[in-house]
Amino acid sequence: MIRYVLLCAKDHEFEAWFKSMAAFDDQKAAGDLICPVCTSTDVRKAIMAPNVATKGAVKTKQGRQKTAEHVRQARTQFMVAAKRVREHVETNFDYVGDKFPEEVRRQHYGEAETRDVYGEATAEEARDLIEEGIDVAPLPPDPKKTN
């Protein structure tokens, strides 16, 4: 398997795996390569450096090697994004507290006006909502409460 970093016409970057170098060419010719961000089929290979192990590198589950600094930077970027998600929800959604499971059920079944809400639910309540086909997701932890 070969991993390529790909770019679309709008320079969205994504990765894809191919059975061989020829498989990329075949899929490109057939128009089967699609940018997951904008759905453009104008896709090309990005310039890539060879993956060479260096001192201080750690191996990820996918077998790629990352330096400790790259891992730290990725964690920091994730934490910043998680904080922004939480802030967006807290600013723009209505807090319904421990009434969250009941409120989203009422909305799902047309018994209440649909609005963006967040609140509290146990793991079991969240599982039950998901099994009912109700889209819910946990919020990232509040850093003010976890630090």
- Query: Among SER40, SER20, which comes first, second and so on when ranked by fewest other beta-carbon atoms within 10 Å?
  - Reply: SER20, SER40
- Query: Separation of the range 100-141 and the range 72-91 by C-alpha centroid, Å?
  - Reply: 22
- Gain upon complete extension [ALA81, ASP98; 0.36 nm per residue less C-alpha separation]: 3.6 nm
- If each residue's Cβ is checked for other Cβ atoms within 10 Å, how do PHE78, PHE100, PHE14 rank with the fewest at the top? PHE78, PHE14, PHE100
- Note on the structure: So LYS28 and VAL5, fully extended at 0.36 nm per residue minus their Cα-Cα distance, gain in nm 6.9 nm
- Task: Work out the FRET efficiency for ARG106 and ASP128 from their Cβ-Cβ distance, taking R0 = 22 Å, and round it to the nearest 0.05.
- Result: 0.90
- Can you list the residues of the range 99-132 with backbone N under 14 Å from a point 7 Å past the Cα of LEU139, pointing along Cα to Cβ? 99-101, 116-122
- Expressed in nanometres to one decimal, the distance between label points 7 Å along Cα→Cβ at LYS19 and THR39 is 2.8
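Every read-out reported here was derived from the displayed coordinates using simple, explicitly stated rules and does not represent laboratory data. Everything quoted here is computed from the prediction, not taken from an experiment. All Cβ positions, glycine included, derive from the backbone under ideal geometry; neighbour counts span all protein chains shown.
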